[in-house]
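Student: Handing you a structure now.
The values are calculated or read from the model by the stated rules, or taken from the named source; none is laboratory data. Source: prediction; values computed, not measured. As a convention, Cβ positions derive from the backbone with ideal geometry for all residues, glycine included, and neighbour counts pool all protein chains shown. Areas reflect the complete protein model, heavy atoms only, side chains present, ligands, DNA and RNA absent. Shrake-Rupley method; radii C 1.70, N 1.55, O 1.52, S 1.80 Å.
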Amino acid sequence: QALFGGLYPFSMTAFVQWYAETFKDPHFSKEPMDVWFKTCVGLELLVQLPYFFIASSIFWTPRASYPSWFRIYSLMYVAQAVTAFLPVIVLVLFNEDATPS
């Protein structure tokens, strides 16, 4: 919903609004959402989603060694995953309002 909010049915939008109000989630309670949050979601769509399918197919096939490009892509995946995870976990740990109402 961070990138394509207008494409979801009302029931999904209402659920996210309920979640944001109940748990005071700063990611979903602000409109417009933070630019860094939208960037993290966009990078997940561009890097992590394709990596899941590529890695699944490579790990599924028995091989003696993996292709050299796959190692580089795996390092890119890990770097992006850590980069997206750190701001989220810091916000969760140090946000005083992140308790259920």
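Student: Out of (1) surrounded by 10 or more Cβ atoms within 10 Å (Cβ to Cβ); (2) out of contact with any helix residue (DSSP H, G or I) (no Cβ under 8 Å at 6 or more places or on another chain); (3) at pLDDT 85 or above, the odd one out for Met76 is which?
Tutor: (2)
Student: If Glu21 satisfies all but one of (1) touching a residue at least 40 places away in the same chain (Cβ under 8 Å); (2) open to solvent by less than 90 Å² (accessible area, probe 1.4 Å), what's the number of the condition it fails?
Tutor: Evaluating Glu21 over (1) touching a residue at least 40 places away in the same chain (Cβ under 8 Å); (2) open to solvent by less than 90 Å² (accessible area, probe 1.4 Å) leaves (2) as the failure.
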